[in-house]
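The values are calculated or read from the model by the stated rules, or taken from the named source; none is laboratory data. All of these numbers come straight from a predicted model, not from anything done at the bench. As a convention, Cβ positions derive from the backbone with ideal geometry for all residues, glycine included, and neighbour counts pool all protein chains shown. Heads up: the accessible areas ignore ligands, DNA and RNA and are worked out on the full protein's heavy atoms, side chains in. Shrake-Rupley method; radii C 1.70, N 1.55, O 1.52, S 1.80 Å.
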Amino acid sequence: MKEAIVYPGSFDPITKGHVDIIKRAAGLTDKLIIGVLNNSAKKCWFTPEERKAMIEQSLGEEVKNVEVKIFNGLLVDFMAENNVKVILRGLRTISDYEYELQLAIGNSTLSRKTVETVFIPASQEYAHLSSSMVREVAINNGLLDMFVSSEIIPQIQHRVAQFKD
Ligand code: ADP
């Protein structure tokens with residue numbers, strides 16, 4: 001049995017960069033849990049339930065050992081509830097690294113060193129890609145098919161239309 005992994009994030013919305021990390025990580029473990037953060041302090045375009053559904057639609061039937069769960073509160077508590085010791089994060093840039101290092105140290109301390117954070121570097125073609133960039137392109141009616149799975153484009157466009165109402 002390989003160590004289970006939790007990949008936490010906002011996924012507002014899930015991008016092809018996230019999907020790439022998920023597929024690569026799914027090959028390394030028997031069980032990958034995607035933790036969708038329900039953070040009331042962060043203003044998201046999509047509800048946690050919408051973000052969860054969009055992740056499932058983007059992944060399709062291809063990846064079998066992945067489960068998507070919504071969580072509130074501290075990541076270390078979610079880790080303990082699921083009995084998982086490995087946090088996965090993606091790294092795109094040096095600025096990601098500085099932010100991620102702080103989070104990793106914080107989570108290590110909060111868990112009394114029972115959880116470890118591991119990183120997978122972004123693939124070259126997605127190293128520029130973020131959910132905020134997708135939202136920016138969407139609000140300006142730009143092409144989204146390079147950045148997100150085609151299954152979720154209608155939902156993103158629908159949200160933009162609601163904003164413009
Ligand atoms: P958060 O708000 O927790 O940073 P995100 O959904 O923005 O949530 O990102 C979740 C994780 O995925 C982070 O570790 C982030 O660095 C990583 N990530 C985001 N976009 C990409 C990408 N294009 N390639 C690789 N990793 C990425």
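Any residue that is outside any helix (DSSP H, G or I) and either farther than 30 Å from Pro154 by Cα or open to solvent by less than 20 Å² (accessible area, probe 1.4 Å) (or both) - is there at least one of those in segment 50-64? The answer is no; no qualifying residue exists. Which one of these is among the polar types (S, T, N, Q) and under 28 Å from Glu62 (Cα atoms): Thr93, Thr109, Thr117? After ruling out the rest, the residue left standing is Thr117. Hey, does segment 82-97 have a residue that's in a helix (DSSP H, G or I), within 12 Å of the chain's Cα centre (by Cα) and more than 10 Å from the ligand (Cβ to nearest atom)? No; the residues of segment 82-97 include none that is in a helix (DSSP H, G or I), within 12 Å of the chain's Cα centre (by Cα) and more than 10 Å from the ligand (Cβ to nearest atom).
You will find that of Phe11, Phe78, Phe46, the residue that is touching a His at 6+ places or on another chain (Cβ under 7 Å) and modelled with pLDDT of 95 or more is Phe11 and no other.
Taking the criterion of being open to solvent by less than 100 Å² (accessible area, probe 1.4 Å), farther than 25 Å from Leu75 by Cα and in a helix (DSSP H, G or I), the only residue of segment 113-132 that qualifies is Tyr126. Per the listing Ile156, Ile70, Ile105, Ile120, the residue uniquely within 21 Å of Lys16 (Cβ to Cβ), of a type outside the set (D, E, K, R) and away from the ligand (no atom under 12 Å from the Cβ) is Ile156. When the residues of segment 79-96 are filtered to those that are without any contact (Cβ under 8 Å) to a residue 12 or more places away in the chain and open to solvent by 30 Å² or more (accessible area, probe 1.4 Å), which remaining residue is farthest from Phe46 (Cα to Cα)? Checking each candidate, the answer is Ile94. Looking only at residues in segment 1-32 that are part of a helix (DSSP H, G or I), crowded, with 19+ Cβ neighbours inside 10 Å and free of Cβ contacts under 8 Å to residues at least 60 places away in the same chain, the one that is farthest from the ligand (Cβ to nearest atom) is Ala26. Just one of the listed residues (Asn65, Asn38, Asn83) is polar (S, T, N, Q) and at positive phi, namely Asn83. So for segment 134-146 (the condition being assigned to a helix (DSSP H, G or I), out of contact with any strand residue (DSSP E or B) (no Cβ under 6 Å at 6 or more places or on another chain), within 19 Å of Ile55 (Cβ to Cβ) and open to solvent by 50 Å² or more (accessible area, probe 1.4 Å)), does at least one residue qualify? Within segment 134-146, one or more residues are assigned to a helix (DSSP H, G or I), out of contact with any strand residue (DSSP E or B) (no Cβ under 6 Å at 6 or more places or on another chain), within 19 Å of Ile55 (Cβ to Cβ) and open to solvent by 50 Å² or more (accessible area, probe 1.4 Å). Among the residues here, Ile105 qualifies as open to solvent by 80 Å² or more (accessible area, probe 1.4 Å) and over 18 Å from the mean Cα position of the chain (by Cα).
Scanning segment 66-78 for residues that are surrounded by fewer than 15 Cβ atoms within 10 Å (Cβ to Cβ) and either closer than 18 Å to Ile14 by Cβ or without any contact (Cβ under 8 Å) to a residue 12 or more places away in the chain (or both) gives Glu67, Gly73, Asp77.
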